[in-house]
Amino acid sequence: MKQLLTISLILFALPALVFSQATTQVSGVVTDPTGAVIPAAALDLENLDTGVVRKMNSDASGNYAFLQVVPGRYRITVKANGFRTATVNDVQLLVNNPATINIKLEVGQINEVVAVTAEAQMLNTTDSSIGNAISNKPIIQLPLNARNIVGLLALQPGVVYTRDGDTDSRNGAVNGGKSDQANVTLDGVDVNDQMDRNAFTSVLRVTPDSVQEFRVVTLNATADQGRSSGAQVAMVTKSGTNELHGSLYWYHRNTITTANDFFLNASGVARQKLIRNIYGASMGGPIIKNRFFLFGNYEGRKDARDGQATRTIPSMNMRQGILQYRRTNGTIATVTPTDIANLLDPRGVNQAALRDMQKYPVPNDTSLGDGLNFVGFRFTAPTPLRWNNYIARADYLLDSSNKHTLFVRGNLQNDNEQGMPQLPGLPANNVTLRNNKGIATGLTSLFRSNLISNFRYGLTRVGAEDSGINNFSFVSLRGMDPFFGTARSLATIVPVHTVAEDMNWIKGSHTVQFGGVFRHISNRRVNYRTSFSGASANASWLVGSGSGLNAPFTDMASTQITQFRWAMADVMGLVTQGNAQYNYLVDGTVLANGAPVLRNFRSDEYEFYVQDTWKINRQITLTAGIRYSLMPPIYEADGQQVSPNIPIGDWFNMRGGLAQQGRSQMEAGRISFVPRDKGGRDLYAFHKKNWAPRIALAYSPNTRTTMRAGWGMFYDIFGSGLMRTFDATAFGLSNALTNPAAVLTIQTAPRYTAMDQIPAGLLPPPPPASFPAVYPDLFAITNGLDDTLVPPYTMTMNYSLAHEFTSGWFIQGSYVGRLSRRSLIRRDAAMPTDLKDPASGMTYFDAATILARQVVAGVPTANVQRLPYWENLYPGFTAGGLSPTQNVYNRFRANQYDWTYALYQIDTGAGQGNCVAANRCSRLGPYAFYHPQFSYLSVFSSVGGGNYHAAQLNVRKRYSNGDVLDFNYTYGKSIDLRSNTERVGTSTGVLWNPWQPGLMKGVSDYDTTHLFSALGVYNLPVGKGKRFGSAMPGWADAIVGGWQLSGLWRWSSGFPISVFETGLWPTNWNNNNWALWTGVPVETGRYKNMTSAAGTSGPGLFRDPERALAAFDFEMPGGIGTRNGLRGDGVFNIDLNVAKRFLMPYKESHSVQIRWEVFNLTNTARFDVNSLSLDISSANTFGRYSSTIGEPRIMQFGIRYEW
């Protein structure tokens, strides 16, 4: 604590601390007609909107630089003895986008004024950062479907886009980096989503009419930026000016002009209702001219709309207790309730379960489920929405010399969104309420013309409540969605305080910046999502993973087994899995079932930097800096925090070391938990070596060409996912206990009685309310924290060559690279070990694979030869006169492809009497491979990594009237171990075999070889005063003049995807593998009428799904299958706006614009690879898509009155 206090004092004592992202700069050289520099030239920089003037003189080398400039329109005036006064008019300076304007003076008298034609170059001649800036005009005029300014990031090279508002980890990945690493600021203050870090998100809604500038750096941000390793997005709120300006606007969407969703149409469901009205007003002007300015904006949105949802439900036959499966010869077999009673259990089907299955609607979709017993239901339902946004900003010049400028900005929003019901006719599953708000203030001070300070303070507060409908414990049936709502409530308050300032000092040819930033983040949570116990009819929890459920049906195709087991357990009502939730306080207080869990997490961040931009000469600029970050671990402020007695990372390494020495897992010790204030540790270590150097070199052989190269090191933002994991699974406080798997049988499993009645005796008993809390030996599936993790970091590099043409065209080609190291990735710390036999030198994976291959080949037990591995480890396993190897082989043969369950039987002695337990047949005794406490322990660890390399092309055109055209292309490849962000679920993005992590290496989930994007705003040059028809009368101009076209275009090649196997666990106890691609060629494409094995047709991935299915096989022990070997659809989308502007006859500065916007102009359906049915255990729907990656065509009509 003393250390943090010292750091805080240093921070506030510094004269400068970070983040200039709300400002910009302009610099250049003043020369005479011969090119010789002119020292001591007097320069004025005047803001044309506010009248504010800044002054300085050029240095001995003729250089000048105005730093910390508010973005806007400016005039530069230059005076020098013996030369005419030069004026550069209407210079547009964009946020965080350094501009270079070189000015050549003419010989003459100083009282002679000459207008100099010079524009701010699009060339970056200062550093190696790659990015773009967009001013207010294109922001207003572009057809932005979600009206989300941060979403403009999706139109930059190297940025992956799926759809607006998509929380998929692929959406928003930038240049090979994860999508949760973007850093978003508004007026230099943090507005990031601290909880989920979803891409393209500002927690304060920024409306198009309120933003002055948008700037993004996608790679190699300089040291004064780069809080994270992703894109750096900076936005600036509009200010008032000396003139009164404003707008009134209304946009409307209607069902009549909206196309139906592809799959709703195919299912015979009417298109979703959509009535959307967006309305607002903005106004800015002077309170005191040239001194005090005010701007305000209100925007409301009201939707009377339908959402759509899909549910997997039981087939009509299944509701009667009748099941079906596909035979090995391809025909369909039927299993009746009588068959079930005769072949499996005299009690037969469960009438209570069937009675509840009758509550489902009639199915209407064959793309979901297995196509036989589980089918789909697709529907629409009302999801009304109401948003209100209020934004205001005041700017004040504190002194008449314009040296000190103060601004204050405030945001307030109130949102109410209703979610989908579970099924038609039911109430909404949840209602989301948000009242986010923020305030920011900044002070820019010119102490001298070469010494400038920029101070910022901001409070950004998220207030969110997601009120769920469910408030009881329930029993679910695996393979189908419940027929009742399951959403539970969560309320969060997340205030973020930011204190920041940076200092700019010009000394000769050096521009030095230094500073730092402090953030204090709180997260108060009232959580009902971990307040209830539950149960499931889960066939995989039975002995043998439920193999007895399909044993009598010997002609069943292997691709049907898993889903059939689930269906059989459901109709028999076998409630096998009990998930108990026991919540305590650290003082031992027991919380009742259903009582909320309260947490108050906090974290602090400290960052410091120094940077020098050295203009070596007029052609070469070197920028070098270093950033240092201190991010103490997140902590629970009310003391509700525990840590394991052994760091999980150390425990995992200990397990691996024991396995390599041929020793038992029982020697690893048991995990227990102690409170943080009673000898416990932090959630993870406080890492103090986060130094991040940056260097860039820019060479400009002339004023139109630049070559740039750079390298930088960046640390990731992390912690929110760890916080959620701790919130849910901090043993001793939040105790999630599950009854052990592979204990219950068909005969002993309790039966289903009602959806809200958990069978007695199924739930594990509560642990003692005391510490240290020892996790019981339940062979549990759970989650935790690896407190040995260290901050992930990235190294980026780029080289670019750019040229700006005199006509306003700009072209740039770049190489972009990223090397990610120590990336956060989940791994199973309880994974059964690759135990080595010291005598033979063989390991488990090798020895098990030899037997597994013989099982698949159908080798009789009598023909199985002795393997030294099994003979040495299980010398006494000689039951039935068989060798130890043959007895082990029989376990594998009885659990074909479910190799982890075979190992469980061997390792624990299940089914072998007391042979192993009594050490009579095993040299090491029970739990030589597994650990008795955990069968699966998912933890975040910093063991990931990845590489990205790309070529990028940027073509831009800037018109003098503010029109723009941008075109971007990226050809790249991204490789990693896993691609998921920190916010994903605990069983997602896991290293399935952490003993051999390299097996997971493959192209990233967000890898797309080709990415195209474009945006444009173009006013037709027709009408009065235009290139064509400049002399036409007013009535003609009212018809043919004032037309504008604007649009967006995105196209990407296909996303990668993997085939997987469900219900069989060859390598990991809890995670199914990807299937193994055998190498047989598979023909993929976009087939809108692919015929599945079940005979149904619909959009699919394969020309021949049965042939494709045959190209994949089940994995061997230790293997993980083929990752991302297939490619599906990518993105294609065109958005268009056609607008007509009418000048008002009473004042030409007043106008009305009528707009017609079309989103997805061509109504193109591209399908989402994540919706593909690619389970080789579900042949009937294999290769079928079930959702699109974008929306259907939507039209929007608007009218704007501007003055």
Among the aspartates and glutamates, select those whose C-alpha is under 13 Å from the C-alpha of Lys1026, and discard any that sit fewer than 8 residues away in the same chain.
-> Asp1037
Expressed as cubic angstrom per residue, what is the convex hull volume of the alpha carbon set of the chain?
-> 171 Å³
Once amide H atoms are placed 1.01 Å from N in the peptide plane, what residues at a sequence separation of 5 or more from Lys238, or on another chain, have their amide H within under 5 Å of its amide H?
-> Val211, Gln212
What lysines could a cross-link reach from Lys178, if we take a straight Cα to Cα line under 21 Å and drop same-chain neighbours fewer than 8 places away?
-> Lys973, Lys1001
Note down the nm distance, to one decimal, between modelled labels 7 Å out along Cα→Cβ at Met666 and at Asn435.
-> 5.9 nm
Could you give P(r) for segment 1027-1202, binned at 10 Å from zero, as whole percent values over all Cα-Cα pairs?
-> 9, 26, 20, 13, 11, 10, 8, 3, 0
In nm, spacing of pseudo-spin labels at Tyr699 and Arg386 (7 Å Cα→C-beta vector) | 6.4 nm
Sequence order, segment 411-419: Karplus ³J(HN,Hα) from phi using 6.51 cos²θ - 1.76 cosθ + 1.60, θ = phi - 60°, Hz rounded, Gly and Pro as x, gives 10, 8, 9, 10, 10, 9, 10, 9, x
Mean-position separation - Cα centroids, segment 1132-1203 and segment 1051-1083, in angstrom | 33 Å
Among segment 689-733, those whose backbone N falls under 20 Å of a label point 7 Å along Cα→Cβ from Ile646 are 730-732
Work out, step by step, the length gained on full extension between Asn57 and Ile275: first 0.36 nm times the residue separation, then minus their alpha carbon distance; give nm to one decimal.
-> 72.6 nm
Reach of Lys678 by Cα under 26 Å, taken over lysines that are not fewer than 8 positions away in the same chain | Lys2, Lys688
Packing-ranked peptide list from 781-787, 105-111, highest mean Cβ count within 10 angstrom first, is 781-787, 105-111
Tell me, in nm to one decimal, what length is gained between Glu106 and Lys688 on full extension, where the rule is 0.36 nm per residue of separation less the Cα-Cα distance?
-> 203.9 nm
Segment 359-432 and segment 659-726 have their Cα centres apart by a whole-number Å value of 33 Å
Average Cα contact separation per residue, the chain, under 8 Å, 6 or more apart, as relative contact order % | 10 percent
Residues whose placed amide H lies under 5 Å from that of Ile110, excluding near-sequence neighbours = Gly82, Phe83
Segment 508-585-segment 165-195 distance, computed between alpha-carbon centres (Å) | 26 Å
Under the Karplus relation 6.51 cos²θ - 1.76 cosθ + 1.60, θ = phi - 60°, what is the ordered set of whole-Hz ³J(HN,Hα) values for segment 634-642, x standing for Gly and Pro?
-> 4, 9, 9, 5, 9, x, 7, 8, 10
Entries in Lys104/Lys615; Lys273/Lys359; Lys104/Lys137; Lys289/Lys1147 that, when Cα-Cα distance is taken, lie over 24 Å = Lys273/Lys359; Lys104/Lys137
Using only C-alpha atoms and all pairs of different ones, pull out the Kirkwood radius for segment 747-792 in Å with one decimal.
-> 14.9 Å
At 20 °C and 1.002 mPa s, the Stokes-Einstein diffusion coefficient in µm²/s for segment 540-654, with hydrodynamic radius from the Kirkwood sum on alpha carbon pairs, is 98 µm²/s
Could you size up the charge dipole of the chain around its Cα centre, putting +1 on the beta carbon of Lys and Arg and -1 on that of Asp and Glu, and report it in debye to the nearest 20?
-> 1300 debye
Which cross-chain or sequence-distant (5 or more) residues have an amide H under 5 Å from the amide H of Val774, H modelled 1.01 Å from N in plane?
-> Phe673
Please provide three numbers in whole Å: the alpha-carbon extents of segment 350-440 along the principal axes, with the largest listed first.
-> 84, 24, 21
For segment 589-598, just list the computed ³J(HN,Hα) in residue order, Karplus coefficients 6.51, -1.76 and 1.60, θ = phi - 60°, integers in Hz, with x standing in for Gly and Pro.
-> 4, 9, 8, 5, 4, x, 6, x, 9, 9
Quick one: of the DSSP bridges fully inside the chain, what percent are antiparallel, nearest 5?
-> 95 percent
What's the longest bit of the chain with no exposed trypsin sites (Lys or Arg not before Pro), using DSSP loop states and at most 11 other Cβ atoms within 10 Å as the test?
-> 1-688
Simple spin-label estimate for Tyr815 and Tyr1201 in nanometres, 7 Å along Cα-Cβ | 5.8 nm
If you project the alpha carbons of segment 813-863 onto their three principal axes, what span does each projection cover, largest first, in Å?
-> 66, 28, 21
Would you please give the FRET efficiency between His520 and Asn342, computed as 1/(1 + (r/R0)^6) with r the Cβ-Cβ distance and R0 = 60 Å, to the nearest 0.05?
-> 0.30
Global size of segment 814-965 as Cα Rg and Dmax, reported in angstrom | 25.3, 92
Please work out the FRET efficiency for the pair His803 and Trp614, using the Cβ-Cβ distance as r and a Förster radius of 22 Å; give the result to the nearest 0.05.
-> 0.35
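Readers should treat all values here as calculations from the given coordinates under stated rules, not as data from a laboratory. From a predicted model like this one, the values you see are computed outputs, not experimental measurements. Methodologically, a virtual Cβ is constructed for each residue, glycine included, from the backbone with ideal geometry; neighbour enumeration extends over all protein chains shown.
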